[in-house]
Amino acid sequence: MRLIASFHLSCLILVAACGSDSASTRDCGVDSTLGTVQAVFESRGCTASTCHGVEASGAAGALDLRAESLYESVVNVAAQSGELPRVFPGDEERSVLYLKLAAKTLGTALSDFGVSGGSMPTNADVLTEDELEVVRAWIRGGAPRVGVVKGAPDVLGCGESVEASPNKIPPLPAPAADEGIQFYSGGWTLPAESENEVCFVTYYDYSDRVPEEFKLPCPDAYGGPTRECFGYSNFLLAQDPQSHHAIVESYIPPPENPQEWDPYDEAWKDWTCLDGPKDGQRCDPKVPDVCGDRGACATEPLTSIGCVVYRNAPESLGTLAGFFGLATTRLNIAIAQESTFVEDYEPGVYGVMPVEGFTIWNSHSFNLTKEDTTVAQYMNFTYMSANDRLYQRQDLTVLTDIFAMGTIEPFTRQEACATFTLPVGSRLVTLSSHTHKFGRDFRIWYPPNDTCMAGPNCAPPDREPDYRSFTYQDPLYQRFDESNALELDSPDEQDRTFRYCAIWDNGATNPQEVRKHSERPDAATCAFGDFTDFIGSCGCAPEERACFGGPNQGMICNGDDAVCGDGGVCDACPVWGGVTTEEEMFGILGAYYVVD
């Protein structure tokens, strides 16, 4: 459930915190978003001695919102009203503090999130939507102790004198040794004001750490019964919030190349420490913790879209088939489009991971700040014993019609649809959508549906959609359980076929939002290495540009501003399929399982 898609925010002045001076550059002595959050709590009486202040702090597990205690009291600290923490960095919908504030401000139901107790504040006061958005932005930006989160409203009227900091999360706490295990990517470097998509691989051997009761012979797709796997009932992925997506996969060497299970094989190259005290140093992938605390031994991160043409790993890893999810050597674990992603399975459903093997990390991220940063991912798996395992989780990644939108000319909009069909006996686990920044309205219709040839000529059904998402960088994730299960048991293909459609708007509704050549990413960050010749570009060629503004807006101008008349510039570009956020994609993401 998404609490907030977006806010049209105004700048509210808190008289109690800063007085009545409304000057936009007023210095309120707050140089961090956490400080602003604390000032909001202070102004609403949340730090009063009998509420969440000095008297309340003496109780075991008490919530202390005073400035000197706020961070330690909430970040990754278990709440007393359910299984969620008070603040889960990067995800406000897994943060009890935010959910209780939102329940009071927005009227949302705490029971929808498995949270007990009442809303906050407990007195008659209530946070404004702007104040609530400050808390949300702080959490979604990684809940940093210091630094300013980009996009947090200026509710104190202090101006924007402090530059925003890169979004980072603190390390995700690992599960207890007898309950689960954590995988860690290490952090790859993302320079200031840049965008990149990289590929790298980590090797692990947890054969002496996974308890025997959770092991099982690997299915054929994971290397066959001569190798060991473990079963898991759920996983949680957390990543630094500047990520556009993180695709995490297992690499399974093909049967004809069994030597590739050894990270010392010549196919593997450039094992390097990412992050930690030995960052940048060569490392031995078989030595546990060789890179020190928060470091990971990995193949060198290289720019690579979908890990295609990645040269530091076996050739079968970097194929185009892998990009479209068709390679048997690459098995999907997770595709996360936001800072956290959770798959929590119904009883009997389980996922599989090799006890020893290789994890592929494909990370696409932005750094909109003026500071260099790193991007890292953490994955926690919860073990599942043999007696509880019935149905194995299957990946649902549908990218076969990824560029079905064609070309969207400047100041026009385009709709395209496609279909996919699941096997007999399928049950959905999760379902989500994927477009880039010009995607406006993504819809999915559950069965029954006819199949169609993907593209603008495939029409949407004449009924209300079962799934709808409007925000490309925070798409809706539908999760299925006993209360909303789809039982796709019919032998008729129509009864197992989904239709999905999206609308792309290239300045048709708001001309200011047309794709502009002048706002293209820097060539060094959108070239994407050897993959550029296949797809991906920066801006558009002169002969493709149209007038932006002026009396001839929309007219092809071949790079000549004079064609556009007074006030116009030759700057508007078409939108087409590609890999940067200025280009488009069209896909389905999720998971399912099949019953007998």
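Nothing in this text is a laboratory measurement; each read-out follows from the coordinates by a stated rule. Quantities reported herein were computed from a predicted structural model and do not represent experimental measurements. Counting neighbours? That spans all protein chains shown, and the Cβs are built from the backbone with ideal geometry, glycine included.
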Subset of K104/K168; K437/K516; K168/K370 violating a 19 Å alpha-carbon distance limit = K104/K168
key: Peptide ranges 495-504, 448-457 listed from the most packed, as the mean C-beta count within 10 angstrom indicates   = 495-504, 448-457
For q = 0.10, 0.15 Å⁻¹, Debye-computed log10 I/I(0) when each Cα of region 242-394 counts as one equal scatterer = -0.41, -0.93
task = Normalise the Cα radius of gyration of region 426-467 by 2.2 N^0.38 Å (N = residues in it) and let me know the number.
result = 1.30
query = For region 365-501, what is one quarter of the convex hull surface built on the Cα atoms, given in nm²?
reply = 12.3
request  = Tell me the label-point distance for the pair D293, C452, using the 7 Å Cα-to-Cβ offset, in nm and rounded to one decimal.
outcome  = 5.7
Partners for K286 among aspartates and glutamates (Cα-Cα distance below 19 Å; same-chain residues under 8 apart left out) = D205, D208, E228, E260, D262, D265, E266, D270, D275, E300, E356
key: Cα gyration tensor shape for region 102-250, rounded if a/c is under 1.5, else prolate or oblate   = oblate
remark   = The alpha-carbon center of region 209-266 and that of region 85-132 are separated, in whole Å, by 37
ask   = Taking N as the number of residues in region 214-308, what value does Rg over Cα atoms divided by 2.2 N^0.38 Å take?
value = 1.26
message = Apply the a/c threshold of 1.5 to the C-alpha gyration tensor of region 180-231 and tell me whether it is rounded, prolate or oblate.
response = prolate
query = the chain: Rg/Rh from Cα coordinates, Kirkwood Rh?
reply = 0.97
request  = Find the eigenvalues of the gyration tensor of the Cα atoms of region 424-502, then list the square roots of 5 times those eigenvalues as equivalent ellipsoid semi-axes, largest first, in whole angstrom.
outcome  = 22, 18, 9
query = For the chain, what is the mean residue ellipticity at 222 nm derived from helices alone (per DSSP H run of n ≥ 4: -39500 (n - 2.57); sum divided by total residues; nearest 500 deg cm²/dmol)?
reply = -2000 deg cm²/dmol
